[in-house]
Amino acid sequence: QVQLVESGGGLVQAGGSLRLSCAASGNIFSINAMGWFRQAPGKQRELVATITKGDTTNYADSVKGRFTIPRDNAKNTVYLQMNSLKPEDTAVYYCTAGAQILTWGPVRGAWGQGTQVTVSS
């Protein structure tokens, strides 16, 4: 089983930056992909970014050019670097990891507890 612990959320002004962290522990050898989802109030959870073990990345159109998903394999940690933040980026952000990350979530994976990101205008 994989456990995920997130950190780094908070309040930031529009145009600012934040970096979220997600540290994985447990059965990390089962992880082939990690990613980030977000859920805004009254909206469905949506995929933001993913990265595979082979370093293939994928981004939602709404964050392309502003967000990146680097990782540190030595620390079993993936990040979400968020630049040029907009009020519409306000949401709870969830880390996920699994054998595969699909648009609805992880296959044979786990979710983090979520971290709030609020962007003020």
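The values are calculated or read from the model by the stated rules, or taken from the named source; none is laboratory data. Keep in mind that what you see is a predicted model, and the values were worked out from it rather than measured. Quick reminder, even Gly has a Cβ in these numbers, built from the backbone with ideal geometry, and neighbours come from all protein chains shown. To get the accessible areas, we keep the full protein, side chains included, count just its heavy atoms, and leave off ligands, DNA and RNA. Shrake-Rupley method; radii C 1.70, N 1.55, O 1.52, S 1.80 Å.
Could you tell me the number of lysine pairs in the chain with C-alpha atoms less than 26 Å from each other, where the two lysines are 8 or more residues apart or belong to different chains?
So the count works out to 6.
Beta carbons within 10 angstrom, averaged per residue: use that to sort the peptides 7-19, 36-48, highest first.
Descending mean neighbour count gives 36-48, 7-19.
Would you mind working out the magnitude of the charge dipole of the chain relative to its Cα centre, with +1 at each Lys and Arg C-beta and -1 at each Asp and Glu C-beta, to the nearest 20 Debye?
Working: 11 positive and 7 negative charges, 14 e Å.
Result for the chain is approximately 60 debye, rounded to the nearest 20.
If packing is taken as the average count of other Cβ atoms within 10 Å, what order do 81-88, 53-60, 93-100 fall into, highest mean first?
In decreasing order of mean packing, 81-88, 53-60, 93-100 become 93-100, 81-88, 53-60.
Would you please state the base-10 log of I(q)/I(0) at q = 0.15, 0.26, 0.31 1/Å for the stretch 43-84, with intensities from the Debye formula using one equal scatterer on every alpha carbon?
Result of the Debye calculation: -0.38, -0.96, -1.15.
Any idea of the accessible area per residue across the stretch 1-79, 1.4 Å probe, to the nearest Å²? Let's see the in-between values first.
Working: 4390 Å² over 79 residues.
I get 56 Å² per residue for this part.
What's the local net charge at Q39, with K and R +1, D and E -1, over the other residues with C-beta under 9 Å away?
Summing Lys and Arg as +1 and Asp and Glu as -1 gives +2.
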